[in-house]
Amino acid sequence: MTQAEQRPLPVPQPESDFYWEKCREHELWLRRCNDCQRAYFYPRDICPHCFSRNVTWVKASGRGTLFTYAIVHRPPTPAFRDRVPYVVAIVELEEGPKMPTNLVGIEPDPAKIRVGMPVVVDFEDVSPTISLPVFRPANSA
Amino acid sequence: MSRPLQNQRIAIVGVDESDEIGIVPNKSPLQLHAEAAYNALADAGLSIKDVDGLLTAGPFSTLVVAEYLGIEPRFTDSTSVGGSSFVIHLAHAVAAIRQGYCRVALITHGESGRSARTRPPLFQGLPDSQYEVPYGIIGAPIRYSLACMRYMHQYGEERTRQAMAEIAVATRKWAQLNPKALMRDPLTFEDYHNSRWISYPFHLYDCCLVTDAGGAVVVTTEEVARSCRKRPVWILGAAEGHDHNMISAMPDLTRTIAYRTGPAALEQAGVTHEDIDLAMIYDSFTYTVLVTLESLGFCGPGEGPDFVANQRTAPGGDFPMNTNGGGLSYTHSGMYGVFLILEAVRQLRGECGERQVMHKKDSSQPAKIALVHGTGGSLSSCGTAILARD
């Protein structure tokens, strides 16, 4: 496989090391602001809602609902050639934030997928150091 | 006596594409910048020596483009926030000229979206590289289709689908009247609905072309404009903004920040939606048009499908839109925004032949007021400009 065909993996940054370490342990953690009390995604050290630096990490329940999705038929790069059709999604977490992800454990068929359906987190181990949080229908867990 | 600079009206005096657009593998992106600049200056009747402000967007900053053109600008602006950037540059050019930072501003674009021999490398530490790209959320079609699905969920899939088809078919009809358009074969509703999926809910014909093209615009003072080759097109109002970068961070997938830039530009220009003879609306995707018309306030949230129904935006319809054939059928090099300006200026000058749009209040005259709206990134950034002839 050439470099171009390898699946692109996240390169954790200082403010996201903890997030990716927890993902590797198959746990989903969020940043939450102690001042405005809102959880947010993606992790950063200053709250995007109120600009407070008084923020903490909280473990997410892993439950949410499907906010929107799309079914990719044309691979965006050669790395995704063998994966189409696959489902990309934005999930609204129980704690409030929305996060991008893949919907797995369901046929890539608009007749089966419903915006608003309950989903739960799962983890896909894509390298020795990176596990990606993905979501599957709640009743299939 | 001319008016003080700060009160002068600012005009677009030259526009043009590169010599060729569409599939141009034998020219580099910088060549496309330079050809478009050359042609736009010729259109204006100005010399490269007159240019003292340079604005561009994309992987090449004004440093690269100015050196290539052989100029030493005293106003420089590489604001690059996606395909909307060139409309935003209009606002910046107006401000810079009024403040005396420059007198003749050149806005250039050149991109080999189709034939580029190299692509700029991605910075892997960016938030989208960490949180979207690993999932295969890569590129505009996938990102925009996520927004579209949410719109369908909120406002009804069938009527949204019909609206997207209306936009694709109407835009192709305009392209058939534009010799420079790449896609000029007839497109039927059946063709639309039968076209393959790119990223469901997007069919092939929901998506813009990917072409090679350059475009440039020359902006200057009222005083200089009076001595140029063609009639000036005035920039009456211009506004810009952005509210996210990643599609997953978009505050509302069914509304862009056009909800702010549209009213701001209209108010600055002192005109209303009803005064607009021509709408040039960035059409990276059919959905982009739908969400933009609503966000700009041409209709309410969820009313877009009714607004564009029955080929209202096609030739002969009462809301002429994207009369060059748009990004969907004319050209879309990657950052398309500059071409919106080109078409609006040509329409206001009455240069558009078969596809000429007339003034609502005097149908013997060409269109008088145009709204130009660029959308860039993942529905992230917007620039609205109101342009008018005398």
Determine the shape class of the range B:160-253: with a ≥ b ≥ c the square roots of the Cα gyration tensor eigenvalues, call it rounded for a/c under 1.5, and otherwise prolate if a/b is greater than b/c, oblate otherwise.
oblate
If you take the Cα Rg of chain A and divide it by 2.2 N^0.38 Å, with N the number of residues, what do you get?
1.11
Roughly how far apart, in whole Å, are the Cα centres of the range B:266-296 and the range A:1-68?
36
A:D109-A:E21 pseudo-label distance in nm [points 7 Å out on the Cα-to-Cβ vector]
4.4
May I ask which of B:K180/B:K360; A:K22/A:K98; A:K59/A:K98; B:K180/B:K230; B:K49/B:K368; B:K173/B:K368 have a Cα-Cα span longer than 24 Å here?
B:K180/B:K360; B:K49/B:K368
Report the Cys residues of the protein assembly as shown lacking a disulfide-compatible partner, meaning no second Cys Cβ under 4.7 Å from their Cβ.
A:C23, B:C102, B:C148, B:C207, B:C208, B:C228, B:C299, B:C352, B:C382
Taking the Cα of B:Q99, stepping 7 Å toward and past its beta carbon, and measuring to each backbone N in the range B:46-64: which are under 16 Å?
B:53-55
Fewest to most Cβ atoms within 10 Å: B:S378, B:S363, B:S199, B:S78 sort as B:S363, B:S78, B:S378, B:S199
Distance between modelled label sites at B:E351 and B:R74, nm, 7 Å Cα→Cβ extension
2.9
Is the range B:253-309 best put as rounded, prolate or oblate by its Cα gyration tensor, with a ≥ b ≥ c the root eigenvalues, rounded for a/c under 1.5, and otherwise prolate when a/b is larger than b/c, oblate when not?
prolate
MRE, 222 nm, helices only [DSSP H, n ≥ 4, -39500 (n - 2.57), over chain A, to nearest 500]:
-1500 deg cm²/dmol
Order of B:I71, B:I12 from fewest to most other C-beta atoms within 10 Å?
B:I71, B:I12
How many times 2.2 N^0.38 Å is the alpha carbon radius of gyration of the range B:5-92?
1.11
Springs between alpha-carbon atoms under 10 Å, Gaussian network over chain B: tell me which of B:L296, B:L63, B:L340 tops the mean-square fluctuations.
B:L63
Using the Cα centre of the protein assembly as shown as the reference point, and only Cβ charges (+1 on K/R, -1 on D/E), how large is the resulting charge dipole? Debye, rounded to the nearest 20.
360
Calculated over the range B:260-390: convex hull of Cα atoms, volume per residue (Å³):
104
Report the full-extension gain for the segment B:T272 to B:E20: residue separation times 0.36 nm, less the Cα-Cα distance, to one decimal in nm.
87.1 nm
Hey, what did chain B get for relative contact order, percent, Cα under 8 Å, at least 6 apart?
26
Would you mind counting up the charge near B:A165? Only other residues with Cβ under 10 Å from its Cβ, with Lys and Arg at +1 and Asp and Glu at -1.
-3
A student applying the Cα gyration tensor rule (rounded when a/c is under 1.5; otherwise prolate if a/b is larger than b/c, oblate if not) would label the range B:1-160 prolate
If you build the Cα gyration tensor of the protein assembly as shown and take the root of 5 times each eigenvalue, what three semi-axes come out, in whole angstrom, biggest first?
40, 26, 22
Enter the Cα centre distance for the pair the range B:28-44 and the range B:152-204, rounded to the nearest angstrom.
31
To check you understand DSSP bridge types, tell me what percent of the beta bridges within chain B (both residues inside) are antiparallel, rounded to 5.
75
Which of these, B:G136, B:G353, B:G110, has the largest mean-square fluctuation under a Gaussian network model of chain B (Cα springs below 10 Å)?
B:G136
Multiply the residue separation of B:F189 and B:L63 by 0.36 nm, subtract the distance between their alpha-carbon atoms, and state the gained length in nm to one decimal.
40.8 nm
When N is the residue count of chain B, what does its C-alpha Rg come to as a fraction of 2.2 N^0.38 Å?
0.92
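Read the figures in this text as sums done on the coordinates, not as results from a lab. What you see is a predicted model, and the numbers here were worked out from it, not measured in a lab. Here the Cβ is made from the backbone with ideal geometry for all residues, glycine too, and neighbour counts use every protein chain on show.
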